[in-house]
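Report on the following structure.
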């Protein structure tokens, strides 16, 4: 029996990377997916592909750093499908840099996207899930939220925050309101994430990590595994990394 079938699932950051791969995987397995990211053109193309392949999808351009955008996304989903079964917070940014280069603007970008974007999604779906008496919130963290390495202190800090948010949700919302809260923490994956890094001092760190990077589809399947459980069973903390990644 599939517990993915017919679930209404919102995926942030779904125009590329983990979000895109996860949307394709879930739609293939019968979910009704609502795609969200800033690029409307990319969302439209992905939605059309899903629908042409026999899946069910819709989309709404969304900037998760704006709480009004995230609320509009959830309202759109409720109007379109009548419910929200699962929220997958996969929007995020990984900008490695050394402390002494003080990339403050990049720190703020990661805080806004990686932390506030998650919080805005949680705030928007909780009232609906409480009313339904069930729901799933799956936050995409990182192995960097479990271990800290050279050049990613601030990024790790944001992912430690996501880890704390998820565990707090589990203790308050899962136990009291049957709303599952899960964390999926990927290791290094092959998504060209290093192209956004501006600090040249971390180039050697990036090179070493990319030697062992795994395909994003492995993360998508892991998220699908977490989704594919009944309301009384929760897989709440999963790490998926390359076999040869040291941390």
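Does residue 154 qualify as being part of a helix (DSSP H, G or I) and at pLDDT 95 or above? It is false that residue 154 is part of a helix (DSSP H, G or I) and at pLDDT 95 or above.
Determine if region 172-179 includes at least one residue that is at pLDDT 65 or above, farther than 30 Å from residue 105 by Cα and crowded, with 21+ Cβ neighbours inside 10 Å. Within region 172-179 (the criterion being at pLDDT 65 or above, farther than 30 Å from residue 105 by Cα and crowded, with 21+ Cβ neighbours inside 10 Å), the answer is yes, since at least one residue qualifies. If a residue must be modelled with pLDDT of 90 or more and surrounded by fewer than 19 Cβ atoms within 10 Å (Cβ to Cβ), how many such residues does region 180-196 contain? Of the residues in region 180-196, 0 are modelled with pLDDT of 90 or more and surrounded by fewer than 19 Cβ atoms within 10 Å (Cβ to Cβ).
Test of understanding: among 106, 68, which residue is assigned to a helix (DSSP H, G or I) and free of Cβ contacts under 8 Å to residues at least 24 places away in the same chain? After applying the criteria, what remains is 68.
When you scan region 62-83, do you find a residue that is crowded, with 21+ Cβ neighbours inside 10 Å and at positive phi, even just one? Among the residues of region 62-83, not one is crowded, with 21+ Cβ neighbours inside 10 Å and at positive phi, which makes the answer no.
Condition check: under 20 Å from residue 14 (Cβ atoms), outside any loop (DSSP other than H, G, I, E, B), touching a helix residue (DSSP H, G or I) at 6+ places or on another chain (Cβ under 7 Å) and touching a residue at least 12 places away in the same chain (Cβ under 8 Å). Does residue 113 satisfy that?
Against the criterion (under 20 Å from residue 14 (Cβ atoms), outside any loop (DSSP other than H, G, I, E, B), touching a helix residue (DSSP H, G or I) at 6+ places or on another chain (Cβ under 7 Å) and touching a residue at least 12 places away in the same chain (Cβ under 8 Å)), residue 113 does not qualify.
Checking each residue in region 125-146 for being part of a helix (DSSP H, G or I) and surrounded by 23 or more Cβ atoms within 10 Å (Cβ to Cβ) picks out 125, 129, 144, 145.
Among residues of region 24-58 being without any contact (Cβ under 8 Å) to a residue 40 or more places away in the chain and surrounded by 24 or more Cβ atoms within 10 Å (Cβ to Cβ), the one that is nearest to residue 217 (Cα to Cα) is 27. Among the residues of region 206-231, the ones that are more than 18 Å from the chain's Cα centre (by Cα), at pLDDT 65 or above and assigned to a helix (DSSP H, G or I) come to 4 in all. What about residue 54, is it over 25 Å from residue 126 (Cα atoms), assigned to a loop (DSSP other than H, G, I, E, B) and at pLDDT 95 or above? Yes: the conditions hold for residue 54.
Restricting attention to region 220-243, the residues being within 9 Å of residue 180 (Cβ to Cβ) and either touching a strand residue (DSSP E or B) at 6+ places or on another chain (Cβ under 7 Å) or crowded, with 16+ Cβ neighbours inside 10 Å (or both) number 4.
If you check 46, 95, 87, which single one turns out to be assigned to a loop (DSSP other than H, G, I, E, B) and either within 14 Å of residue 14 (Cβ to Cβ) or touching a helix residue (DSSP H, G or I) at 6+ places or on another chain (Cβ under 6 Å) (or both)?
Exactly one of 46, 95, 87 is assigned to a loop (DSSP other than H, G, I, E, B) and either within 14 Å of residue 14 (Cβ to Cβ) or touching a helix residue (DSSP H, G or I) at 6+ places or on another chain (Cβ under 6 Å) (or both), namely 95.
Contact map, region 119-147: residues that are without any contact (Cβ under 8 Å) to a residue 60 or more places away in the chain and on the phi > 0 side of the Ramachandran plot paired with residues that are assigned to a loop (DSSP other than H, G, I, E, B) and surrounded by fewer than 17 Cβ atoms within 10 Å (Cβ to Cβ), Cβ distance under 6 Å, separation 6+ or inter-chain. Pairs shown: 133/178. Across region 86-108, the number of residues qualifying as surrounded by fewer than 24 Cβ atoms within 10 Å (Cβ to Cβ) and under 16 Å from the mean Cα position of the chain (by Cα) comes to 2.
Residues in region 2-38 that are in a loop (DSSP other than H, G, I, E, B) and at positive phi: 6, 13, 30.
The values are calculated or read from the model by the stated rules, or taken from the named source; none is laboratory data. Remember, predicted model here, so these are calculated numbers, not experimental data. Methodologically, a virtual Cβ is constructed for each residue, glycine included, from the backbone with ideal geometry; neighbour enumeration extends over all protein chains shown.
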